[in-house]
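FYI, it's all coordinate maths here, none of it is from the lab. For clarity, every value in this text was computed on a predicted model and none was experimentally measured. Backbone-built Cβ (ideal geometry, glycine too); neighbour counts: all protein chains shown.
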Amino acid sequence: MEKRKINVYLAGDSTVQTYDSSRAPQAGWGQCISKYFIDDVQFFNHAIGGRSSKTFITEGRLAEIEKQLKKDDYLFIQMGHNDSSKSRPERYTEPYEDYKDYLIQYIQIARDRKAIPILITPVARLHYIRREFLADFGDYCNAMKEVAEENDVLLFDLMQESIKKFSSLGYDEIFSYFRIAVNETDCTHFTEKGANEIAKLVSQGINDLSIELSNYVKGE
């Protein structure tokens, strides 16, 4: 039986964003994700750096996705990195208060359009202390899980899975996933190598959800 064509929209921050060649080797996982799915899936990456769950909405970026969403499309939502910026009140959200409220807006817009929302916890940073990779944004991850449970929404725990992957490969290998490997300071943004590996993790997470889209993930 021929598979239907599927559209997937990405809402996220700089760790998801698509970068042009002038920014290489910086890359976001959203620009790499398509290679892990068969050609019947088309990705539309609306992720952009510096945005929180709040500013992505207030700037009209979610509204732009809403215009394009159709029945049975998917909306991937990875927010949290910039929500934690207390020094930037225009971005900041309280994890168990307005952060949850904003996430529900993404979910509601998808469902109003008969599309399928999938929440994705923030991806891990290169936070390594005493030979251990540490998970950041704990309250935001937990708040997102609460939203998923309370609203019966699919969720992929990218924070947990990225920490697990980092721990299995070790610091020396994971160092090369981040821009610190080329600019000596950036422990948040990915190199092309890192973005590809995170995109692969996301595809594996979608596969494990056992939904229709799982059938479009390429085999190993």
**Message:** Could you compute the net charge surrounding P25? Neighbours are other residues with a C-beta less than 13 Å from the C-beta of P25; K and R count +1, D and E count -1.
**Reply:** 0
**Prompt:** What is segment 1-100 by shape, rounded, prolate or oblate, if you read a ≥ b ≥ c off the alpha carbon gyration tensor as root eigenvalues and call it rounded for a/c under 1.5, prolate for a/b larger than b/c, and oblate otherwise?
**Reply:** oblate
**Request:** List every residue whose amide H lies under 5 Å from the amide H of I116, counting only residues 5 or more places away in sequence or on a different chain, with H placed 1.01 Å from N in the peptide plane.
**Result:** D72, D73, Y74, L75
**Prompt:** Can you give the charge dipole size of segment 6-216 about its Cα centre, rounded to the nearest 20 debye, using +1 on the beta carbon of Lys and Arg and -1 on the beta carbon of Asp and Glu?
**Reply:** 360
**Message:** With 10 angstrom as the radius, rank S22, S14, S203, S214 by how many other C-beta atoms surround their C-beta, starting from the fewest.
**Reply:** S22, S214, S14, S203
**Prompt:** Among I198, I38, I57, whose mean-square fluctuation peaks in a Gaussian network model of the chain (Cα, cutoff 10 Å)?
**Reply:** I38
**Message:** Using the Karplus curve 6.51 cos²θ - 1.76 cosθ + 1.60 with θ = phi - 60°, what ³J(HN,Hα) values do you get for each residue of segment 48-60, in whole Hz, with x for Gly and Pro?
**Reply:** 8, x, x, 9, 9, 4, 6, 5, 4, 7, 5, 7, x
**Prompt:** Taking the structure as given and computing Cα extents along the principal axes in Å, which label from (i) 98, 32, 30; (ii) 82, 41, 33; (iii) 46, 43, 34 fits?
**Reply:** (iii)
**Fill in**
Long-range amide H partners of F178, meaning residues 5 or more apart or on another chain whose placed amide H is closer than 5 Å, are T191
**Asked** Antiparallel DSSP bridges in segment 6-216: what percent, to the nearest 5?
**Response** 25
**Prompt:** For segment 8-69, what relative contact order do you get, as a whole percent, if you take Cα pairs closer than 8 Å and at least 6 residues apart?
**Reply:** 41
**FRET efficiency, 1/(1 + (r/R0)^6) with R0 41 Å, evaluated for A24 and R130 via beta carbons** = 0.80
**Asked** Hey, in the GNM for the chain with a 10 angstrom Cα cutoff, which one of K114, K54, K67 fluctuates hardest?
**Response** K67
**Asked** Cα-Cα over 30 Å: which of K71/K164; K70/K165; K3/K114; K100/K164; K145/K218; K5/K164?
**Response** K71/K164; K70/K165; K5/K164
**Request:** Give, as a single signed number, the net charge of other residues whose beta carbon lies under 15 Å from the beta carbon of K71, with Lys and Arg counted +1 and Asp and Glu -1.
**Result:** +2
